[in-house]
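Notes follow the structure.
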Amino acid sequence: MSTAKTRRVNILVMGEGEVQRIPVESSVLVSVAYLPDATLQIEFRSGDVYHYTQVPPEIFQALLDAPSKGAYFNHHIREHFPTHHITRSSTGL
């Protein structure tokens, strides 16, 4: 039996148009959210926010559990799912 702790995240639906992003430790990503329609929302340090659609919940969980969120994103999400640029925030880091 493994003693490694895995963080499980419950998907929280707050209300129409409201999304609770989860802050992540990464040099590339700021925060992530998983929406009930299998959309992964990612906010990048540049301030850009993208939606990746048709993402299985297991991919979202693996992203959260990955020791390098940026590497996981580049290898398993980027260019693997339909992508939509949503916005560029005025608080890009």
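The values are calculated or read from the model by the stated rules, or taken from the named source; none is laboratory data. All values reported here derive from a predicted model rather than from experimental measurement. We place every Cβ from the backbone using ideal geometry, glycine too, and count neighbours over all the protein chains shown.
Numbers at a glance
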| quantity | calculated |
| --- | --- |
| Candidates HIS75, HIS51, filtered to the one that is in contact with a His (Cβ under 9 Å, 6 or more places away or on another chain), modelled with pLDDT of 95 or more and not in a loop (DSSP other than H, G, I, E, B) | HIS51 |
| Per-region count, the range 25-67, residues surrounded by fewer than 15 Cβ atoms within 10 Å (Cβ to Cβ) and in contact with a helix residue (DSSP H, G or I) (Cβ under 8 Å, 6 or more places away or on another chain) | 3 |
| The range 30-41 residues that are within 10 Å of THR53 (Cβ to Cβ), paired with ones that are among the polar types (S, T, N, Q) (beta carbon under 6 Å, 6 or more apart) | ALA38/GLN54; THR39/THR53 |
| Selection from the range 45-90 of residues that are in contact (Cβ under 8 Å) with a residue 40 or more places away in the chain and closer than 16 Å to VAL28 by Cβ | ARG45, SER46, GLY47, ASP48, VAL49, LEU64, SER68, LYS69, GLY70, PHE73, ARG88, SER89 |
